[in-house]
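Structure below; questions to follow.
The values are calculated or read from the model by the stated rules, or taken from the named source; none is laboratory data. Keep in mind it's a predicted model, so treat the numbers as computed, not measured. Glycine also receives a Cβ, built like all others from the backbone with ideal geometry; neighbour counts cover every protein chain displayed. The area values use the complete protein model at the heavy-atom level, side chains included, leaving out ligands, DNA and RNA. Shrake-Rupley method; radii C 1.70, N 1.55, O 1.52, S 1.80 Å.
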Protein chains: 4
Amino acid sequence: MSRADDPVAYLREINATAAFNVWAGIDVVDAGGGQAVISMPWRPELGQYSGYLHAGVVAALIDTACGYAANHIVGRVMASHCAVNYLAPAVGESFLTTARVVKAGRRQIFTTAEVQAETAGESKLVATGETLLMPLLSEVPS
Amino acid sequence: MSRADDPVAYLREINATAAFNVWAGIDVVDAGGGQAVISMPWRPELGQYSGYLHAGVVAALIDTACGYAANHIVGRVMASHCAVNYLAPAVGESFLTTARVVKAGRRQIFTTAEVQAETAGESKLVATGETLLMPLLSEVPS
Amino acid sequence: MSRADDPVAYLREINATAAFNVWAGIDVVDAGGGQAVISMPWRPELGQYSGYLHAGVVAALIDTACGYAANHIVGRVMASHCAVNYLAPAVGESFLTTARVVKAGRRQIFTTAEVQAETAGESKLVATGETLLMPLLSEVPS
Amino acid sequence: MSRADDPVAYLREINATAAFNVWAGIDVVDAGGGQAVISMPWRPELGQYSGYLHAGVVAALIDTACGYAANHIVGRVMASHCAVNYLAPAVGESFLTTARVVKAGRRQIFTTAEVQAETAGESKLVATGETLLMPLLSEVPS
C-alpha cells in the first residue's frame with residue numbers, strides 16, 4: 001500500500017509498528033493533503049494524578065498526528081521540537097487530534113495540531129501544539 | 001508523610017496515584033530544594049515506530065519531573081505549557097530525567113529539565129525541555 | 001475612549017505609549033472579538049545581517065498583536081512565554097500580523113498569531129507564533 | 001579576521017552589519033567554545049507600554065546571543081524556532097545575555113540563553129530562552 005493511494009491505510013500500517021501507539025489505542029481516522037486526524041479512547045491507565053489525560057499522552061497525540069500529517073508530503077519524519085499548550089483539563093470519553101502542515105520545506109516541516117475531548121457527542125478544545133519535524137535521512141533523495 | 005520531611009517518599013505517594021506513571025515504570029529517585037530526579041527503565045511498549053522512546057513519553061518524563069521539582073516549593077501544579085527539544089534518538093536501557101525550578105512566582109512557576117539515556121553505565125543527553133506550571137487552585141492560600 | 005466602543009482607537013492610544021512600537025512604525029489596523037491586526041512597513045534599521053527582518057522584530061510583532069487581541073477581552077496583559085516559528089526569510093515592503101485569542105481563562109490567556117510579508121500586493125506567510133499571557137494584577141477584579 | 005583566531009572581533013564585524021543590532025546598541029562581550037555573551041544598555045526607545053524592555057527586544061537578545069554562540073562552531077545560521085520565558089519585568093540599566101550551544105548536529109543546532117538585567121552592580125535573571133538553528137546553506141560543505 002503506497003502513501004499516495006490510500007493514506008489512511010498506509011498510516012495505519014505505520015501506526016501498527018509503533019508499540020506505544022498500539023498500547024495507547026491510537027487509531028488513524030483521516031489523512032491526506034497535509035492533514036491527519038487520529039482518535040484515542042480514554043482509559044484510566046492514560047491518566048495523571050487528578051485522573052485527567054496525562055500531559056505526556058497529550059504530547060504523544062500531538063506528536064503522532066503532526067508526524068502523520070507530514071507523512072503524506074515528505075515520508076517518515078522525526079520531531080526536533082514539540083510544544084503543547086494545555087488549555088483545559090483533558091477529560092473525555094475519547095480524544096480527537098487534528099494536525100496539519102503549516103510549511104513543508106526541504107530541510108524541515110512545521111506542523112500544528114489541536115486536541116478535542118469528546119463526551120456524549122460534545123467536543124471541547126483541551127490542547128493545542130506544534131512540532132518541528134525533519135525528514136528521516138533515509139527518506140531524503142540523494 | 002509531609003512534603004517537607006521526606007520529599008522523595010512524599011512524591012512517591014503522589015506518583016503511585018498517577019496511573020500512567022505507574023504503567024510507564026517511572027520512579028522518584030531524588031527530590032528537594034526545587035529539584036527532582038526520576039528514572040524509567042526502557043521496555044518496548046514505550047517505543048515509537050523506529051524503536052526509540054516515543055516523543056510523547058519523553059514529554060511525559062519532562063512534565064513529570066518538572067512538576068515534582070516544583071512540588072516541594074508550591075505543592076500540586078498543572079502544566080500550562082510544555083516544550084521539548086529532541087536532541088538525539090532516545091535509545092537506552094533506562095532514562096534519567098533531572099528537573100529544576102528556574103523561577104517560582106505566586107501565579108506561575110518556570111521549570112526546566114533534561115533527559116539522559118543510560119546504557120552500560122554511559123549517559124547521553126537525548127532531550128531537554130521546559131514547563132510553565134500553575135499552582136492548583138485548591139493549593140492557593142485564600 | 002473605552003476599549004468596548006472603539007477597540008482600534010483604544011489600542012492606538014496604548015500603542016502610542018509603547019516607545020519601541022512607535023520607533024518600529026507599528027500601527028493597529030483592526031481589532032475586536034478576540035482578534036487584532038497590526039501592520040509595520042519595512043525599513044533597513046529593522047534588519048539582521050542578511051537584510052531580512054530581524055527575528056526579534058518578528059517576535060515583537062507577534063507579542064504585540066497577541067497582547068492586542070487579548071486586550072479587548074481581559075485588558076492589559078504581560079507575556080509569560082512567546083514562541084516563534086520562522087517559516088521563511090521575512091522579506092517584504094511591509095508586514096501584516098494577525099493574532100487571535102485561542103482560550104481566555106481567568107488566570108492566563110492563550111493566543112496565536114501569524115506574520116505575512118507583503119510585496120507588490122502579494123502576501124507570503126513568513127512566521128507563526130504564540131504567546132501565553134497573564135492579566136496585569138492591577139486589571140484583575142478584587 | 002577569522003572566527004577561530006579572535007571570535008569576539010569576528011562576531012563584532014558580523015554584528016556591525018546587522019542594522020537592528022547597531023540601532024539597539026548590542027555589543028559582543030565574549031565568545032568562543034560554543035558560548036557567547038552580548039550586552040545592551042537600556043534606553044527608553046527599547047521599551048513597551050509599561051516602560052519595561054519590550055518582549056520583542058528580549059527575544060532579539062536571545063536570538064542574537066544564540067546565533068553568536070553557534071557561529072564559532074558552525075558559521076552563519078538562521079533560527080527556525082525561538083522561545084522566550086519572561087520571568088520578571090525586564091528593568092535595568094543594561095542587559096547581559098549569555099548563550100550556549102546545547103547540541104550541534106549537522107542539520108540543526110540547539111542553543112539556550114538567559115538575560116540578566118543589571119542595575120547598580122546587581123544582576124537579576126529576567127528571561128530565559130532557546131533557539132533552534134539551521135546552518136545557512138551557503139555555509140554547508142558540498
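What tally of residues in segment D:26-44 results from selecting those that are over 12 Å from the mean Cα position of the chain (by Cα), modelled with pLDDT of 95 or more and open to solvent by 30 Å² or more (accessible area, probe 1.4 Å)?
Looking only at that region, the number is 4.
I'd like to verify a number: residues in segment C:45-77 that are within 11 Å of chain D (Cβ to nearest Cβ), surrounded by fewer than 21 Cβ atoms within 10 Å (Cβ to Cβ) and at pLDDT below 95, how many?
Total meeting the criteria: 4.
Can you go through B:GLU118, B:GLU45, B:GLU130, B:GLU122 and tell me which one is among the charged types (D, E, K, R) and in contact (Cβ under 8 Å) with a residue 40 or more places away in the chain?
Just one listed residue meets the conditions, B:GLU130.
From C:TYR86, C:TYR49, grab the single residue that is of a type in the set (Phe, Trp, Tyr) and farther than 17 Å from D:HIS81 by Cβ.
Of the residues listed, the single one that is of a type in the set (Phe, Trp, Tyr) and farther than 17 Å from D:HIS81 by Cβ is C:TYR49.
Take segment C:78-114 and flag every residue that is open to solvent by 10 Å² or more (accessible area, probe 1.4 Å), within 13 Å of the chain's Cα centre (by Cα) and either away from chain D (no Cβ under 11 Å) or not hydrophobic (A, V, I, L, M, F, W, C) (or both).
Correct list: C:LEU96, C:THR98, C:ARG100, C:VAL101, C:THR112, C:GLU114.
Just checking, does segment D:72-81 include any residue being closer than 21 Å to D:GLY25 by Cα and touching a Lys or Arg at 6+ places or on another chain (Cβ under 7 Å)?
There is no residue in segment D:72-81 that is closer than 21 Å to D:GLY25 by Cα and touching a Lys or Arg at 6+ places or on another chain (Cβ under 7 Å).
Moving on to the next point. Among the residues of segment B:1-44, how many are among the acidic types (Asp, Glu) and within 12 Å of chain A (Cβ to nearest Cβ)?
Summing the residues that are among the acidic types (Asp, Glu) and within 12 Å of chain A (Cβ to nearest Cβ) in segment B:1-44 gives 1.
Just to be sure before I move on: is B:ALA127 in contact with a helix residue (DSSP H, G or I) (Cβ under 7 Å, 6 or more places away or on another chain), within 14 Å of chain A (Cβ to nearest Cβ) and of a type in the set (A, V, I, L, M, F, W, C) in the structure I sent?
It is true that B:ALA127 is in contact with a helix residue (DSSP H, G or I) (Cβ under 7 Å, 6 or more places away or on another chain), within 14 Å of chain A (Cβ to nearest Cβ) and of a type in the set (A, V, I, L, M, F, W, C).
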